[in-house]
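J.: Let me begin by handing over the structure; questions about it come next.
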Amino acid sequence: MKLQSRRQLASVTGVALVSTLALAGCGSNNNTTASSTASSSASAAGGSSSSTACPTGTLNGEGSTAQKNAIQQVIADYQTTCSGATVNYNATGSGAGVKQFTAGQVDFGGSDSSLKSTPTAGTTGTEQTNADKTCGSPAWNLPMVTGPIAVAYNLKGVPKLVLTPSVTAKIFNGAITTWNDPAIAAINKGVTLPATPIKIFFRSDESGTTDNFTKYLKGAAPSDWPAATGKKWTGKGEGKQASSGVSNAVKSTDGGITYTEWSYAKDDKLGIAQIDNGAGPVVLSGPAVSKAVSAARQTGAGNNIVLKLDYATKVPGAYPILLVTYELVCSKAKSPAKVALLKSFLTTFASTGEQTKLQDIGYAPLPASIQAQVNTAIAALS
Amino acid sequence: MSTITGVSTVDELPDPEGHGPFEGDRASTGRLGDRLFGGTARGAGVLVIAMVTLVAVFLLSQAIPALAADKVNFFTSTQWNVDATPLQFGIANLLWVTVLSSVIAMIIAVPLGVGVALFITQYAPRWLSRPAASLVDLLAAVPSIVYGLWGLQVLGTHMAGIQSVLERLFGWFPLFQDAGIDASSTVLTVSVVLSIMVLPIVTALSREVFAQTPTLHKEAALALGATRWEMIRTAVLPFGKPGIISAAMLGLGRALGETIAVMVILSALADGTPWSWSMFNGGETFASKIANNAAEFDSPQKAGAFMAAGLVLFTLTFVVNAIARVVIERRKVFAE
């Protein structure tokens, strides 16, 4: 009995020793000095002007799922060039992001809509004033990621489809029920439309995509879309969960139509409608969306860049259905140690190199005018 | 020394070891062990009851302000406007879909689970019963998101045939009417997936109960000339009935609260869709509705409305379990 326990003890000790050595080897080498990565970060950031050395530390962000793919790509690139920095982003939804930012739990938030300046029932103050209070300084909304919203459809034998805001609104609130309706045929001359019934799919979870799509319908075709705008869908159809749910549903249903992020429509190879806002059909592309963002008005003061998108824009070549994701930051950060890291990360995020790369995963780059404003605001963070 | 009858001097004097009269030699671990164990068991019971009570208190405290501000009847309205200030929300749709999906799931799962348990304990040879039991338990280890994806993409494609047959035969009955929803996303498909999720719970518990059947009862039945099935019907099943009911209640709890699989499979309905009793309709259950909107609880009032829905689910499960307990207790009065 004694021999057995001694042997057991020896084997346990051996396993413990081996595993300790193995895990110590696994631990990543986060102790590289900042100076060695300074030169590589300066060349790779392609636009960073202020910081010379790559800051170290950890940043925590939370919020919108629409920008999840974009921010994760930027984080991966940033952490490769600045190995002393760690940025964590948790995609829990715009509502959760705003809540956590207003409560001071995260360093920056991601939200598909800017902080509200109108009070919500049951809370004191507005989102903007509450965030200002938590920050101790004005909270700024920095537009960073432009996500085009595609009107995706699945119709056999119809590779090209043109839609106007009015027809789109009528389709999504059930006024037009079959694909060969005269209203659709009138704007698609020369295309044989089948008599398939239209099956609408919408987002059953509350989402910024629904919010911006309904805002587009109301802004561009107010008489055809009397329903309210908001994160909850107010039209007709069947609800599916998350963008992947609606895209999959359209892919497996002939005659299905939905609104979803561009990357999902591309991945599932759905037909993407061309939108005619009054200046001719526009194919969904990065530059087309950037044109629409350039047409936006800034309603915030100074460095608080709140954009009011013009959904009824008649700028030729502009694709009007999009959502802009804002990064919510405190103009005077609560912890000064993180300011350098925050500025460096946001500068990388807004840089031309990263923004152009985002097109490959279904986002549109910030137009130059907005990018300049964002860079000014980032430089003013303290 | 006096000699009074019935009184002995030994009762007055200490033991040879020096212990007092009537104390014994303390050979057992005695009262300390009793106190510790009994206290721990009592504490665990109190803790669990306290947790359930606190959950109920939390739900009530969050839900009551929203319920008070509700402008329509909470139980009969099908509206759900919780963003704007005239708060109007009602759970009629949610309640029906939750109850229907769970009931259908139990109708499928309980006979199937009891059958599997009977097979494993009574019919299967010994070399088969252990692996079979492990395989059924493995069903419980599959994550619910996997069930949801499987149900939507694999099972859903096969439900179209069943749905068209049922609609053709029974379409006149409101429960089987066509509602325009694709067959892969109906309440029936969700119920089938839920029944598979509930099956391992029912099987495992029933199996344990059937294995405990007194061998004497079984042998007595067989000795009186009963066939295998008659023996099971007269000796095993009556003995195991309280266990089966408990197993079914646990399974029902899982089916009522299942969130992810329902979210992925079931199509939500747009506001203003006409009411339908049909099992071929879409909709949302309490759990899936709360989960779908949990990230966007802007205000306490909005959160309160969803908490009210959660409170109804909590109460429903509680009531069903209480009824089951009553049934079991009544049954026990006649047992043994």
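J.: So, taking all protein chains as they sit and a 1.4 Å probe, how much accessible area belongs to B:His158, in Å² rounded to tens?
T.: 120
J.: Quick check: the angle from helix A:208-220's long axis to the longest principal axis of chain A, C-alpha only, nearest 10 degrees?
T.: With rounding to tens, the tilt is 30 degrees.
J.: For peptide A:201-207, what's the mean number of Cβ atoms from other chains within 10 Å of each residue's Cβ?
T.: On the way: counts 2, 3, 2, 12, 10, 8, 3.
Mean shielding count: 6.
J.: Starting from the Cα gyration tensor of segment B:149-205, multiply each eigenvalue by 5, take the square root, and state the resulting semi-axes largest first in whole Å.
T.: Numbers: eigenvalues 114, 40, 15 Å².
Taking √(5λ) for each Cα gyration eigenvalue gives 24, 14, 9 Å.
J.: Once the other residues with Cβ under 12 Å from the Cβ of B:Ile120 are scored (Lys, Arg +1; Asp, Glu -1), what is the net sum? Could you put the intermediate results ahead of the total?
T.: Details: positive: B:Arg126, B:Arg130, B:Arg207; negative: B:Asp137, B:Glu208.
Within the 12 Å Cβ shell, the charges total +1.
J.: Mind listing P(r) for segment A:148-291? All alpha-carbon pairs, 10 Å bins, whole percents.
T.: It works out to 12, 46, 37, 4, in whole percents.
J.: Still on this structure, please answer the following. List every residue whose amide H lies under 5 Å from the amide H of A:Tyr89, counting only residues 5 or more places away in sequence or on a different chain, with H placed 1.01 Å from N in the peptide plane.
T.: A:Gly61
J.: Give me the percent of DSSP beta bridges within the protein assembly as shown that run antiparallel, rounded to the nearest 5.
T.: Numbers: 30 of 47 bridges.
Roughly 65 percent of the beta bridges in the protein assembly as shown run antiparallel, per DSSP.
J.: Also, quick follow-up: B:Thr234 to B:Val146: extension gain in nm, 0.36 nm per residue of separation minus the Cα-Cα distance?
T.: Working: separation 88, 0.36 × 88 = 31.68 nm, distance 4.02 nm.
Computed gain between B:Thr234 and B:Val146 is 27.7 nm.
J.: Right, something else. Angle check, please: helix A:2-26 long axis (alpha carbons) against the longest principal axis of chain A (alpha carbons), in degrees 0 to 90, nearest 10.
T.: Helix A:2-26 sits roughly 60 degrees off the main axis of chain A.
J.: Can you work out the FRET efficiency for the pair B:Leu135 and B:Ile162, with r the C-beta to C-beta distance and R0 = 22 Å, to the nearest 0.05?
T.: Numbers: r = 26 Å, r/R0 = 1.16.
Rounded to the nearest 0.05, the efficiency is 0.30.
J.: Something else about it: Taking the Cα centre of segment A:121-246 as origin, sum charge times position over the Cβ atoms of Lys and Arg (+1) and Asp and Glu (-1), and report the length of that vector in debye to the nearest 20.
T.: Dipole magnitude for segment A:121-246 comes out near 360 debye.
J.: Quote the relative contact order of chain A in percent (integer), defining contacts as alpha-carbon pairs under 8 Å separated by 6+ residues.
T.: Normalised by residue count, the contact order of chain A is 22 percent.
J.: Still on this model: Any idea how far apart A:Leu9 and B:Thr85 come out in nm if each label point goes 7 Å out from Cα toward Cβ?
T.: Going from the A:Leu9 label point to the B:Thr85 one covers 7.6 nm.
J.: Continuing with this model, one more query. When the accessible area of each residue in segment B:282-302 is compared between its chain alone and the complete protein assembly (1.4 Å probe; ligands, DNA and RNA ignored), which residues differ by at least 50 Å², being lower in the assembly?
T.: When all protein chains are present, B:Asn292, B:Ala295, B:Glu296, B:Asp298 each give up 50 Å² or more of accessible surface.
J.: What does the net charge come to around A:Ile200 if you take all other residues with beta carbon closer than 12 Å to its beta carbon, with K and R at +1 and D and E at -1? List each step's numbers first, then the result.
T.: Numbers: positive: A:Lys170, A:Lys199, A:Arg203, A:Lys236, A:Lys240; negative: A:Glu238.
Here the count lands on +4.
J.: Using θ = phi - 60° and the Karplus relation 6.51 cos²θ - 1.76 cosθ + 1.60, list the HN-Hα couplings for segment B:270-282 in order, rounded to whole Hz, with x at every Gly or Pro.
T.: Using θ = phi - 60°, the values come out as 6, 4, x, 5, x, 5, 9, 7, 5, 7, 9, 9, x Hz.
J.: Let me check I've understood the local charge: for A:Val162, count other residues with C-beta under 12 angstrom from its C-beta, Lys and Arg +1, Asp and Glu -1. What total comes out? Let's see the in-between values first.
T.: On the way: positive: A:Lys160, A:Lys189; negative: A:Asp276.
It works out to a net charge of +1.
J.: What does the extension gain come out to for B:Phe119 and B:Val99, with contour length at 0.36 nm per residue minus their alpha carbon separation?
T.: Numbers: separation 20, 0.36 × 20 = 7.20 nm, distance 2.98 nm.
Taking B:Phe119 through B:Val99 to full extension adds about 4.2 nm, to one decimal.
J.: Next question. Charges on Cβ only, +1 for Lys and Arg, -1 for Asp and Glu, centred on the Cα centroid of chain B; of B:Phe318, B:Phe210, B:Val97, which one is farthest towards the dipole's positive end?
T.: Of the candidates, B:Phe210 comes out farthest on the positive side.
J.: Per-residue mean of other chain beta-carbon atoms within 10 angstrom of the beta-carbon, peptide B:100-108?
T.: Values: counts 0, 0, 0, 0, 0, 0, 0, 0, 0.
Mean partner-chain Cβ count within 10 Å for B:100-108: 0.
J.: Could you please state, rounded to a whole Å, how far the C-alpha centre of segment B:96-170 is from the C-alpha centre of segment A:242-279?
T.: One Cα centre to the other: 34 Å.
J.: Mean shadow of chain A, computed from the convex hull of its alpha carbons, in nm²?
T.: On the way: hull surface 102.0 nm².
Dividing the Cα hull surface by four gives the mean projection, 25.5 nm².
J.: Here's a follow-up. Tell me, what HN-Hα J-couplings in whole Hz come from the Karplus equation 6.51 cos²θ - 1.76 cosθ + 1.60 at θ = phi - 60° for each residue of segment B:261-267, using x for Gly and Pro?
T.: Karplus values, whole Hz, x for Gly and Pro: 4, 5, 4, 6, 8, 6, 7.
J.: Out of the total accessible area of segment B:70-334 (probe 1.4 Å, heavy atoms of protein only), what percent is carbon and sulfur?
T.: 69
J.: Quick one: if you stick a label point 7 Å off each Cα along the C-beta vector at A:Thr177 and A:Asn60, how many nm between them?
T.: 5.3
J.: Now a separate question. In whole Å, what are the Cα extents of segment B:34-170 along the three principal axes, biggest one first?
T.: Here the spans come out as 67, 65, 26 Å, largest first.
J.: Just which residues of segment A:241-258 lose 50 Å² or more accessible area with every protein chain there, against their chain alone, with the probe set to 1.4 Å?
T.: A:Gln241
J.: As a test of understanding, state the convex hull volume per residue of the protein assembly as shown from its alpha carbons, in Å³. Walk me through the numbers before you get to the answer.
T.: On the way: hull volume 215.0 nm³, N = 718.
So the per-residue Cα hull volume is 299 Å³.
J.: Taking the Cα centre of chain B as origin, sum charge times position over the Cβ atoms of Lys and Arg (+1) and Asp and Glu (-1), and report the length of that vector in debye to the nearest 20.
T.: Details: 20 positive and 23 negative charges, 160 e Å.
Its charge dipole is roughly 760 debye.
J.: Still on this model: List every DSSP H helix in chain B whose Cα atoms extend 18 Å or more along the helix's own long axis and whose mean Kyte-Doolittle hydropathy is at least 0.5.
T.: Details: long enough: B:30-69 (59 Å, 1.30); B:92-118 (39 Å, 2.14); B:126-138 (19 Å, 0.20); B:156-170 (21 Å, 0.39); B:187-211 (35 Å, 1.94); B:237-257 (29 Å, 0.95); B:300-334 (51 Å, 0.97).
Passing helices, by number: B:30-69, B:92-118, B:187-211, B:237-257, B:300-334.
J.: Taking R0 as 56 Å, what FRET efficiency do you get between A:Asn90 and B:Leu13 from their Cβ-Cβ distance, rounded to the nearest 0.05? Kindly include the intermediate steps, with their values, before the conclusion.
T.: Values: r = 78 Å, r/R0 = 1.39.
After rounding, the FRET efficiency stands at 0.10.
J.: Further question on the same structure: Out of B:Leu252, B:Trp277, B:Ser77, whose Cα points farthest toward the positive end of the dipole of segment B:70-334 (charges: +1 Lys, Arg; -1 Asp, Glu; placed on Cβ)?
T.: The residue sitting most towards the positive pole is B:Leu252.
J.: Farthest toward the dipole's positive end in the protein assembly as shown, which of B:Met106, B:Ser164, A:Pro159, given Cβ charges of +1 (Lys, Arg) and -1 (Asp, Glu) about the Cα centre?
T.: Positive-end residue among those listed: A:Pro159.
J.: How far is helix A:34-45 tilted off the main Cα axis of chain A, in degrees rounded to 10, range 0 to 90?
T.: Between helix and principal axis, roughly 10 degrees.
J.: Report, in debye and to the nearest 20, how large the dipole of the protein assembly as shown comes out about its Cα centre when Lys and Arg carry +1 and Asp and Glu carry -1 on their Cβ.
T.: Computed about the Cα centre, the dipole is about 820 debye.
J.: Something else now. Under 5 Å between amide hydrogens, which residues at least 5 positions from A:Gly174 or on another chain qualify, with H placed 1.01 Å from N in the peptide plane?
T.: Residues meeting the amide H criterion: A:Lys236.
J.: Here is a follow-up. Probe of 1.4 angstrom, ligands and nucleic acids ignored: what's the accessible area per residue over chain A, in square angstrom? Don't skip to the answer; put the middle values down first.
T.: Numbers: 16030 Å² over 382 residues.
Accessible area per residue: 42 Å².
J.: Using packing as a proxy for protection, rank A:74-81, B:288-295, B:125-132 so that the peptide with the highest average count of other Cβ atoms within 10 Å comes first.
T.: On the way: A:74-81: 17.9, B:288-295: 21.8, B:125-132: 10.9.
Ranking, from highest mean packing down: B:288-295, A:74-81, B:125-132.
J.: Further question on the same structure: Nearest 100 Å² is fine: how much accessible area is buried between A and B, summed over both sides, with a 1.4 Å probe? Write down the numbers at each step before the final one.
T.: Details: alone 17040 and 19610 Å², together 34630 Å².
Protein heavy atoms only, the A-B interface buries about 2000 Å².
J.: Hey, rough spin-label estimate for A:Lys189 and B:Phe318, points 7 angstrom out along Cα→Cβ, what's it come to in nanometres?
T.: Inter-label distance under the simple model: 6.8 nm.
J.: So how do A:313-322, A:330-339 stack up, highest first, on mean other-Cβ count within 10 Å? Mind showing how you got there, number by number?
T.: On the way: A:313-322: 20.3, A:330-339: 15.6.
So the peptides A:313-322, A:330-339, ranked by packing, come out A:313-322, A:330-339.
The values are calculated or read from the model by the stated rules, or taken from the named source; none is laboratory data. On a predicted model such as this, the values are computed, not experimentally measured, just so you know. Don't worry about glycine lacking a Cβ; one is built from the backbone with ideal geometry, like all the others, and counts go over all protein chains shown. The protein model used for the area step is the full one, side chains on, heavy atoms only, and it has no ligands, DNA or RNA in it. Shrake-Rupley method; radii C 1.70, N 1.55, O 1.52, S 1.80 Å.
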